[in-house]
1. Under 20 °C and 1.002 mPa s, how fast does the stretch 170-390 diffuse according to Stokes-Einstein, given a Kirkwood radius computed over C-alpha pairs? Answer in µm²/s, whole number.
2. What is the extension gain from Arg185 to Gln159, computed as 0.36 nm multiplied by their sequence separation minus the C-alpha to C-alpha distance, in nm to one decimal?
3. Could you give me D for the stretch 111-252, from Stokes-Einstein at 37 °C and 0.692 mPa s, where the hydrodynamic radius is the Kirkwood radius over C-alpha pairs? Units µm² s⁻¹, please.
4. Provide the FRET efficiency to the nearest 0.05 for the Asp77-Gln373 pair, computing r from the beta carbons and using R0 = 35 Å.
5. Using only the heavy atoms of the protein chains and a 1.4 Å probe, how would Arg172, Arg117 rank by accessible area, largest first?
6. In Å³ and rounded to a whole number, note down the convex hull volume per residue for the Cα atoms of the chain.
7. Please sort by residue number the chymotrypsin sites (Phe, Trp or Tyr not before Pro) in the stretch 120-223 whose DSSP state is loop and whose Cβ has at most 15 other Cβ atoms within 10 Å.
8. Among the GluC sites (Glu not before Pro) in the stretch 288-392, which ones are in a DSSP loop with at most 16 other Cβ atoms within 10 Å of the Cβ? Mind listing them?
Amino acid sequence: MQQAVQTGGLRLPENFESYGEARKKGFLHMKELKEQGKRVVGMFCSFVPTELVYAAGALPVGLCAFSDEPIPAAEADLPRNLCPLIKASYGFALTDTCPYFYFSDLVVGETTCDGKRKMFELLNSIKETYVMQLPFRRDEKALAFWKDEIVAFKEKLEQTFGVTITEEDVRRAIQAKNRERDVMRRFLELGKLNPAPLSGYEMGTRADAGSFSFNLEERCDKIEERIREIQADWEANYKDTPSTRPRLLVTGCPNAGVREKIIRAVEEMGADVVAFDTCNGIREKVEKVDETNPDVYDALARKYLNITCSVMSPNESRRTYIGQMIDEYQIDGVLEIVLQSCHTYAVEADLIKRYVTEEKHLPYLNIETDYSQADSGQINTRLEAFLETIMP
Ligand code: BJ8
């Protein structure tokens, strides 16, 4: 079993791999795979059905969008008051500093938010960017439209890679991805244990770094091994030791670019982030693709349209799920992270705040931020004040 070590106040396994290390290892591995002739499809969003990429015999990879380094270059073409995730995505491509973008044979965007949708037009002049048109409702009309988009994406993959994707190929990919969803869900649901058996920092890092491990089976096996270790460690050392650390749920925008300054910081102040209602948390894992549906494209369309992202309107299911998580993870407070200029999350935050404070009677903190370190001091002050309202 791996020894746990204290790292800056966090309990992490001895051989813990940071996001940066996993990313670096990943691109060395990807280089080898490319040399062996593997095709790669780069993407930015949970709405893109990776099952189809696997069914085409290609590898899906999440593209770099997590750091402020390429943002000044991106601002030469994009407005400054745009979401940092969009500017970073474009900046990495523009400055050729994302090896995964470099290795991608095709890049897939989606019409989720206005900024991303328009940025993809610019990205297309750097590398071909195919854009899936996502409807913003979840009614029957939207479902039919989205199913057509999914079939069109399949056809695009067939044409790009000169392959035929059969229903059987899609079915096999659905099964493999569903297994991954199960495994990741079990990993992320370790946060339900009390006291918390691992840090939210580790949870989020592993969830994000997973996309740099290209063999789905191996990825699942590694996570299952870590689940067993954590459970054994918790049974042996923590189970009967009550903790007074506040248990937080993090919700909102993807947080890889602010993990150090918010997730790590709040845990070092004495809280445990035990649950993530985010795309790098459990959001995409909650619902699996229905393997019993005889129409594989209908099954994919239904699953992906139900992702509880704030670009959908209305989006009550996000609140319902947050409510369930609050109960199941014994949450003491909710921390919402909104990236600057992300209008859908910023506006929906008011509904989340009302739900958390008025219906669940819990403290709620909203932090709007970007990828810079300029607001770290101010964020620390707000996090400390927030924890004071919760801590016994
Ligand atoms: S499914 S959360 S990965 S869209 S880029 S919406 S932060 S302004 S990333 Fe997202 Fe897909 Fe939804 Fe998940 Fe806001 Fe920025 Fe837009 Fe963003």
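The values are calculated or read from the model by the stated rules, or taken from the named source; none is laboratory data. Computed from a prediction, not measured in an experiment: that's the story for all the values here. Using ideal geometry, Cβ is built from the backbone for each residue, glycine included, and neighbour counts are taken over all protein chains shown. Note: areas computed on protein heavy atoms with side chains; ligands, DNA, RNA excluded. Shrake-Rupley method; radii C 1.70, N 1.55, O 1.52, S 1.80 Å.
1. 118 µm²/s
2. Taking 0.36 nm per residue and subtracting the Cα distance, the gain is 6.0 nm.
3. 173 µm²/s
4. On the way: r = 24 Å, r/R0 = 0.68.
E between Asp77 and Gln373, to the nearest 0.05, is 0.90.
5. Arg172, Arg117
6. Values: hull volume 52.8 nm³, N = 392.
Considering the Cα atoms of the chain, their hull volume per residue is 135 Å³.
7. On the way: sites: Phe120, Tyr130, Phe136, Phe145, Trp146, Phe153, Phe161, Phe187, Tyr201, Phe212, Phe214; in loops: Phe136, Phe214.
Filter output for the stretch 120-223: Phe136.
8. Filter output for the stretch 288-392: Glu291.
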